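*Asks:* Once you've had a glance at the structure underneath, I'll fire off some questions.
The values are calculated or read from the model by the stated rules, or taken from the named source; none is laboratory data. As the structure is a prediction and not an experimental result, all values here were calculated from the model. When we count neighbours, we look across all protein chains shown, and the Cβ atoms used for this are built from the backbone with ideal geometry, even at glycine.
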Amino acid sequence: MSTTYKNLFSVILIFFLMLNLSAQEIYFPSEGTWEERAASTYDLDFSGAIQFAEENEYSESRDLRQAILKGFQNEPFHEILGPTKRRGGPAGMILKNGYLISSWGDTKRVDMTFSVTKSFLSTTALLAMEEGLFEVNEPVAKYIWDDTFEGEHNGRITWEHLLHQTSDWSGELWNSFDWADRPPSSGTIDSWRARELNEPGTHYKYNDVRVNVLAYSLLNVFRKPLPQVLQEEIMDPIGGSSTWRWYGYENSWVTIDGLKMQSVSGGGHSGGGMFINTEDMARFGLLFLNNGNWNGNQLIPEELVKQAMVPSEVNPNYGYMWWLNRQGSRNWENVPEHVFYAAGFGGNFIIVDQENGLVIVTRWLEPSKIEEFLNRIYSEVRG
């Protein structure tokens, strides 16, 4: 091949590479707006999946106070300690490279989002790590010197153990006991109380009391309310609305530096948690789609986002309060293993697929139907 043809070939190759990169560029919506594109632009048709979501609404009461009490009725001493709100109907959004290509329901309605809150909570932990407030493998007792981490067992718990839900923290917080949260299906209160503790980091247990211990610990190192941290460092920069709220419990107030502050909860298990609309959830998902960068502004270091998606040794499906769709006890069939997601009671999900440029938010979908819903999505994506 002559030098002239080689040069021409190189120019053409660079042109097509640039064209492809341009096609993959992510659009970031400004505050209060969202550019839409037809799904057909990408040879996609999600109408069947959307119809499925609309026809498979979460089957429990729209009165979420009643749904919560029923859902956790087997927990001893369980009670509603924070605010609740009657929910709306099914809603959702699907983004492709940031563009809104499908939506259904009332996407501006503010609803409880339950354990999706945990992924917002872990995000504040990433911000604390970025600011050098602690190292993730340090004992939390080094920073929280009251009796929360007192004793040989609790004293060995690290920040990463709390983020991975492998701490087996033992104690009481806000009148709630760790052993009473999602207790075993067999045994008695006495046996649950007297259980043998697992070495921190060796046993996974989904436990809201321990999640709230993390929230309390982060409040202490930031020395200001976590909703304020989230608003200033994440939600305002990504153009979030002014309608979301993050609540704790009526008894989770503490005094720090002479100021009364509420320690928020990591979910709505006992009321409280994040109250948010679908569009703000989609913005949050889009931030993680782009590894913590929002339109050139690196809000969360990319290496910390990637670190948050690394599972613990004892649970391949769980990172820093994000679920991972890897092979394990909890993975969706026919959905890519690189997908990660936030999940909450009642069928609330933020699903992030970085390789395909997708963010999927669905609300009030019957939880047992999420895999079938996603199979309908990915049958289109795979073509």
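*Asks:* I need a count of the residues in the range 324-357 that are polar (S, T, N, Q), over 19 Å from Asn97 (Cα atoms) and not in a strand (DSSP E or B). Give the steps one after another, and end with the answer.
*Replies:* Applying the first criterion (polar (S, T, N, Q)) to the range 324-357 yields 325, 327, 329, 331, 334, 348, 354, 356.
Subsequent filtering for residues that are over 19 Å from Asn97 (Cα atoms) retains 325, 327, 329, 331, 334, 348.
So of that shortlist, the ones also not in a strand (DSSP E or B) come out as 325, 327, 329, 331, 334.
Total meeting the criteria: 5.
*Asks:* Also, I was wondering about something else. So which residues in the range 306-330 are within 19 Å of Pro367 (Cα to Cα) and touching a Gly at 6+ places or on another chain (Cβ under 8 Å)? Walk me through it before giving the result.
*Replies:* Taking the range 306-330 as the starting set, the residues that turn out to be within 19 Å of Pro367 (Cα to Cα) are 317-318, 321-326, 328-330.
Asn317, Met321 - these are the residues of the range 306-330 that are within 19 Å of Pro367 (Cα to Cα) and touching a Gly at 6+ places or on another chain (Cβ under 8 Å).
*Asks:* Filtering the range 89-123 down to residues that are charged (D, E, K, R) and surrounded by fewer than 20 Cβ atoms within 10 Å (Cβ to Cβ), which residue is farthest from Gly357 (Cα to Cα)?
*Replies:* First, the residues of the range 89-123 that are charged (D, E, K, R): 96, 106, 108-109, 111, 118.
Cutting the leftovers down to surrounded by fewer than 20 Cβ atoms within 10 Å (Cβ to Cβ) gives us 106, 108-109.
Numbers: Asp106: 24, Lys108: 23, Arg109: 25 Å.
Only one residue tops the list, namely Arg109.
*Asks:* Could you please tell me which pairs satisfy a Cβ distance under 6 Å, a separation of 6+ or placement on different chains, a first residue in the range 170-197 that is within 20 Å of Glu79 (Cα to Cα), and a second residue that is of a type in the set (Val, Ile, Thr)?
*Replies:* So the pair list comes out as Leu173/Val209; Leu173/Val213; Ser176/Val209; Asp178/Val209; Asp181/Val209.
*Asks:* Further, regarding this structure: Which residues, taken from the range 311-335, are farther than 22 Å from Asn137 by Cβ, surrounded by fewer than 16 Cβ atoms within 10 Å (Cβ to Cβ) and in contact with a Phe, Trp or Tyr (Cβ under 8 Å, 6 or more places away or on another chain)?
*Replies:* Initially, the range 311-335 is screened for residues farther than 22 Å from Asn137 by Cβ, giving 323, 325-335.
From what's left, surrounded by fewer than 16 Cβ atoms within 10 Å (Cβ to Cβ): 327-330, 333-334.
Once the filter is applied, which keeps residues that are farther than 22 Å from Asn137 by Cβ, surrounded by fewer than 16 Cβ atoms within 10 Å (Cβ to Cβ) and in contact with a Phe, Trp or Tyr (Cβ under 8 Å, 6 or more places away or on another chain), the range 311-335 yields Arg330, Asn334.
*Asks:* Does Gly151 meet the test of being more than 18 Å from Gly266 (Cβ to Cβ) and in a loop (DSSP other than H, G, I, E, B)?
*Replies:* The answer is yes for Gly151.
*Asks:* Is it fair to say Ser191 is at pLDDT below 95, out of contact with any Ser or Thr (no Cβ under 9 Å at 6 or more places or on another chain) and either of a type in the set (A, V, I, L, M) or in a helix (DSSP H, G or I) (or both)?
*Replies:* Answer is yes for this residue.
*Asks:* Okay, moving on. Which of the residues belonging to the range 124-142 are surrounded by fewer than 16 Cβ atoms within 10 Å (Cβ to Cβ) and either in a loop (DSSP other than H, G, I, E, B) or in contact (Cβ under 8 Å) with a residue 40 or more places away in the chain (or both)?
*Replies:* Glu131, Gly132, Glu135, Asn137, Glu138
*Asks:* Could I ask something else about it? What single numbered condition from (1) in contact with an Asp or Glu (Cβ under 6 Å, 6 or more places away or on another chain); (2) among the β-branched types (Val, Ile, Thr); (3) not in a helix (DSSP H, G or I) fails to hold for Ile238?
*Replies:* The single condition Ile238 does not satisfy is (1).
*Asks:* Just a yes or no: is a residue in the range 278-296 touching a residue at least 40 places away in the same chain (Cβ under 8 Å), among the acidic types (Asp, Glu) and over 23 Å from Gly98 (Cα atoms)?
*Replies:* Scanning the range 278-296, I find no residue that is touching a residue at least 40 places away in the same chain (Cβ under 8 Å), among the acidic types (Asp, Glu) and over 23 Å from Gly98 (Cα atoms), so the answer is no.
*Asks:* Out of Met281, Met321, I need the residue that is under 13 Å from the mean Cα position of the chain (by Cα) and part of a loop (DSSP other than H, G, I, E, B). Which one? Let's see the steps before the verdict.
*Replies:* Details: Met281 fails: part of a loop (DSSP other than H, G, I, E, B).
Going through Met281, Met321 in turn, just one is under 13 Å from the mean Cα position of the chain (by Cα) and part of a loop (DSSP other than H, G, I, E, B): Met321.
*Asks:* Condition first: touching a strand residue (DSSP E or B) at 6+ places or on another chain (Cβ under 7 Å) and part of a loop (DSSP other than H, G, I, E, B). Now tell me which residues in the range 300-315 satisfy that.
*Replies:* Met309, Pro311
*Asks:* Moving on. Considering every residue within the range 180-187, establish whether at least one is in a loop (DSSP other than H, G, I, E, B), in contact with a strand residue (DSSP E or B) (Cβ under 8 Å, 6 or more places away or on another chain) and either of a type in the set (Gly, Ala, Ser) or surrounded by 15 or more Cβ atoms within 10 Å (Cβ to Cβ) (or both).
*Replies:* yes
*Asks:* Might you check whether a residue that is buried (at least 23 other Cβ atoms within 10 Å of the Cβ) and not in a helix (DSSP H, G or I) occurs anywhere in the range 365-372?
*Replies:* yes
*Asks:* Here is a list of conditions, (1) closer than 30 Å to Glu232 by Cβ; (2) not in a strand (DSSP E or B), and Gly92 meets all of them except one; can you say which number that is?
*Replies:* Condition (2) is where Gly92 drops out.
*Asks:* Can you go through Ile360, Ile377 and tell me which one is assigned to a helix (DSSP H, G or I) and within 23 Å of Phe28 (Cβ to Cβ)? Please lay out each step first, then the result.
*Replies:* Details: Ile360 fails: assigned to a helix (DSSP H, G or I).
Of the residues listed, the single one that is assigned to a helix (DSSP H, G or I) and within 23 Å of Phe28 (Cβ to Cβ) is Ile377.
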